[in-house]
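Laboratory data are not the source of any read-out in this text; all were calculated from the coordinates shown. Since the structure is predicted, the reported quantities are computational estimates derived from the model, not experimental observations. Neighbour counts run over all protein chains shown; Cβ positions are idealised from the backbone, glycine included.
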Amino acid sequence: MRLELREVRHVYAPGTPREVEALRGVSLGVEPGEVLGVVGGTGSGKSTLAQHMNLLLEPTSGRVLADGRDARAMPRPELRRKVGLVFQFPEAALFAATVGEDVAFAPRRMGLAEEEVRRRVRRSLERLGALHLAGRSPHALSGGEKRRVAIAGVLAMEPEVLVLDEPTAGLDPATREELLGAVLGMRGEGRSVVFISHDLDEVAEVADRVCLLEAGRVLACGRPEEVFYEHPETAPAAVRVAREVRREHPRVGRPVRFGEVREALRGLLSGG
Ligand SMILES: Nc1ncnc2c1ncn2[C@@H]1O[C@H](COP(=O)(O)OP(=O)(O)OP(=O)(O)O)[C@@H](O)[C@H]1O
């Protein structure tokens, strides 16, 4: 599914002294098979944007389009199945007696046959490296384990677009890696992923395109090297290193990932 936001504005508490214009005319789209990174400072509107993608929040003005059609015309349960939203700290919503039951909740509510429910539970837990936890109580897991189970619960709906709001916040490096690997695996299946994060290094590793938000507006959207090199305030560590090297060696190009910087430096050192 191609998901698009067109000139979306969102005002919280309109007409009250607490009124906040969180989105001020945001237009962006995500294509099937693409990982779209969304970055921006605290309060720039990232979470508000995420919640518009499945119309959990409705635009004050502007439109959300699913495959070119107004998403408001789609029954909400169908939209929420197709656009899976993982909130910040999703583990807070785990509730069932076992991990397996928790992950089975959404597919069961979709009315799928029990065999299909079990297939999905297994597959989504496997993908997050959490299959071994299936029989455990979600409440007796570590923070990182809970996070993986919570994300598996959304994956079990097999959404066409997966929106992840700060999915790695507070996780240890190994769990982060595993999660990022799972995100990249989804892209291979033609699903789209919207990956919202404060962590620029992480976004640089996974994103095909990046949109930069500032105070409710899109400041830039484009290929990671365009956005990161043209907006120095958003540079991931790899870009900061490469930018230093480029002053004397412009032919290192515009790498954005650590692996690319390493290759560029190898090329320089070998005189290539
Ligand atoms: N429920 C709400 N009611 C009123 N204002 C809100 C609400 N949620 C967010 N805001 C305001 O909207 C603006 C955008 O907030 P949002 O949470 O979307 O930003 P963010 O980029 O996700 O921030 P962070 O990176 O800190 O999570 C902020 O000024 C925030 O205070």
- Item | Label-point separation in nm, Glu226 to Ala113, each point 7 Å along Cα→Cβ | 4.7 nm
- Note on the structure: Taking max minus min of the Cα coordinates of the stretch 195-272 on each principal axis, largest first, gives extents in Å of 45, 21, 16
- Report the full-extension gain for the segment Leu65 to Leu265: residue separation times 0.36 nm, less the Cα-Cα distance, to one decimal in nm. 67.7 nm
- Query: Each residue of the stretch 50-62 in turn: what ³J(HN,Hα) in whole Hz from Karplus with 6.51, -1.76, 1.60 and θ = phi - 60°, glycine and Pro shown as x?
  - Reply: 4, 6, 7, 5, 10, 6, 5, 10, 9, x, 5, 8, x
- Message: Suppose we take every Cα in the chain and form the convex hull; what volume per residue is that in Å³?
- Response: 144 Å³
- Compactness of the stretch 1-64 - radius of gyration and Dmax, Cα, Å: 12.2, 42
- Query: Quick one: in the stretch 147-197, what % of C-alpha pairs are over 13 Å apart?
  - Reply: 57 percent
- Please give the direction-averaged projected area of the C-alpha convex hull for the stretch 1-137, in square nanometres with one decimal. 10.3 nm²
- Message: Sort 171-178, 38-45 by the packing proxy (mean of other Cβ within 10 Å over each peptide's residues), most packed first.
- Response: 38-45, 171-178
- Query: Taking amide hydrogens as modeled 1.01 Å from N in the peptide plane, which residues meet the under 5 Å criterion relative to Val218, leaving out close sequence neighbours?
  - Reply: Ser27
- Nitroxide proxy distance, nm - points 7 Å out along Cα→Cβ at Ala140 and Glu7: 5.7 nm
- Message: Sort 67-76, 255-264 by packing, meaning the average of other beta carbons within 10 Å per residue, with the highest value first.
- Response: 255-264, 67-76
- Task: As a check on your grasp of the helix formula, calculate [θ] at 222 nm for the chain: sum -39500 (n - 2.57) over DSSP H runs of n ≥ 4, divide by the residue count, round to the nearest 500.
- Result: -11500 deg cm²/dmol
- Those helices of the chain passing the 15 Å axial Cα length cut-off and the mean Kyte-Doolittle cut-off of 0.0 (DSSP H runs only) are 143-155, 173-188, 258-269
